[in-house]
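Here is the structure we will look at.
The values are calculated or read from the model by the stated rules, or taken from the named source; none is laboratory data. Being a predicted model, the structure only gives us computed values, none of them experimental. For neighbour counting, all protein chains shown are included, and Cβ atoms are generated from backbone atoms with ideal geometry for every residue, glycine included. Side chains are part of the model used for accessible areas, which takes the heavy atoms of the whole protein and leaves out ligands, DNA and RNA. Shrake-Rupley method; radii C 1.70, N 1.55, O 1.52, S 1.80 Å.
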Amino acid sequence: MSSQPITTRITAAEDVAGQIRAYTLEATDGSELPDFSAGAHIDVLLGNDLIRQYSLCSDPAERHHYRIAVLHEPDGRGGSDYMHRQLKAGDELKIHGPRNHFELDMSGDNYLLLAGGIGITPIMLMALQLQAAGKPFTLHYLCRTPEQAAFRHWLEETFGSAVEFHYSYGDAAKRLDLRALFSLQNQPTRVYTCGSEGLLQAILDAAESLPDIEVNFERFSAAPVADDAVSEAFEIEIASSGETLQVGEAQTILEVLQDAGHEIETMCKEGLCGSCEVDLLEGEADHRDSVLNDAEKAEQNVLMVCCSRARTPRLKLDL
Ligand code: FES
């Protein structure tokens, strides 16, 4: 980890839906926070090596505070439980970032924004950005019940008829018909979505064979590894020194680099945050992250060393 964290204070912690609490953060020295755009996240340092990524959901024009919202998952990996149980207004919190791997491309003429549950946080800022630019969009917010829809009233007041709520009440038959929604679009449409893996897969399935529907997404958790993925050993070459290192079947590139004394910034170690990105000079990576989109993966210019492997016997890294 090389960049310096920012020390913030939690100035407000408020429940914005069942199990979802929003935290407002201000720099303890009162200074402006780094700017960001819709889709950006920060890394939150929770102690004991616990680092979690949360999308920013405050207005990017407001530079004196950030806002994040956290879904309490008692059976999760500990980050949200720590946030909900341990942190309150007045507490200090160290953060890194912001970083954005989910940028909104404003060149489209028609947009569908699909948010599932806590996935509303990056999506609501995209809606704000599209609204400010006068671009046509509809925000579809998919939740189990109205009580679980975070920022519901603000969304209604801000976006009016451009936001539609879809409540399943746990009944699959009540879910939004994605294929029908996509088929109704009569022009090329950019879809931006954030939600569960199940929702993402349903959206990708519904968009399949519809060339006018372009899906852009952000994952909450590591992407599933393909069934046919293998983890064979390979070599990495360090461009600056010519040093060659072996990456064993059970090792990550990150582990090998760190063992050899290379300092690599890492925030999530599971392909979610983009902090461990390294330029790839030669060879073909087997990308296993959720940061790069398909086009970026195909370019083979960079890779996330915490999770990606190699499709060629050697990768040459710009280190
Ligand atoms: S450490 Fe987060 S993507 Fe590698």
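General observations
- Label zone at A12, where the point sits 7 Å out along the Cα-to-Cβ direction: segment 69-85 residues whose backbone N lies under 14 Å: 69
- For the pair A133 and T145, label points projected 7 Å from Cα toward Cβ lie 3.8 nm apart.
- 222 nm mean residue ellipticity, helices alone, for the chain (DSSP H n ≥ 4; -39,500 (n - 2.57); rounded to 500): -5500 deg cm²/dmol
- Placing unit charges on each Cβ (+1 for Lys and Arg, -1 for Asp and Glu) gives segment 6-99 a dipole about its Cα centre, and among A40, G18, P60 the Cα reaching farthest toward its positive end belongs to G18.
- Of the beta bridges in the chain, as assigned by DSSP with both residues counted there, near 60 percent are antiparallel.
- Chain lengthening between S183 and N48 when straightened (0.36 nm per residue, less Cα-Cα): 43.8 nm
- Nearest-20 debye value, the chain charge dipole, Cβ charges on Lys, Arg, Asp, Glu: 960
- Rounded FRET efficiency, nearest 0.05, which uses the C-beta distance separating S240 from F165 and R0 of 41 Å: 0.15
- Partners for K94 among lysines (Cα-Cα distance below 23 Å; same-chain residues under 8 apart left out): K269
- FRET efficiency for the A61 to D212 pair, using the beta carbon distance and R₀ = 41 Å, is estimated at 0.80.
- Segment D29-E263, length gained on full extension (0.36 nm per residue, minus Cα span): 81.4 nm
- Volume per residue of the C-alpha convex hull in segment 6-99, rounded to whole Å³: 91
- Percent RCO, i.e. relative contact order, over the chain, from Cα pairs under 8 Å lying at least 6 residues apart: 15
- Whole-Hz couplings from phi, Karplus 6.51/-1.76/1.60, listed for segment 96-102; x for Gly and Pro: 10, x, x, 9, 9, 10, 9
- The 1.4 Å probe gives accessible areas that order D35, D212, largest first, as D35, D212.
- Computed 3J(HN,Hα) for segment 260-266, one whole-Hz value per residue from the Karplus formula 6.51 cos²θ - 1.76 cosθ + 1.60 where θ = phi - 60°, is 8, x, 7, 8, 10, 6, 9, glycine and proline marked x.
- Inter-centroid distance (Cα atoms) of segment 141-193 relative to segment 1-32, Å: 28
- Potential extension, E255-A173 segment - 0.36 nm per residue separation minus Cα distance: 24.9 nm
- Judged by the mean number of other Cβ atoms found within 10 Å, the most tightly packed of the peptides 5-15, 306-316 leads the ranking 306-316, 5-15.
- Percent of Cα pairs exceeding the 13 Å cut-off, where the set is segment 14-66: 66
- Cubic angstrom per residue, convex hull over Cα atoms of the chain: 153
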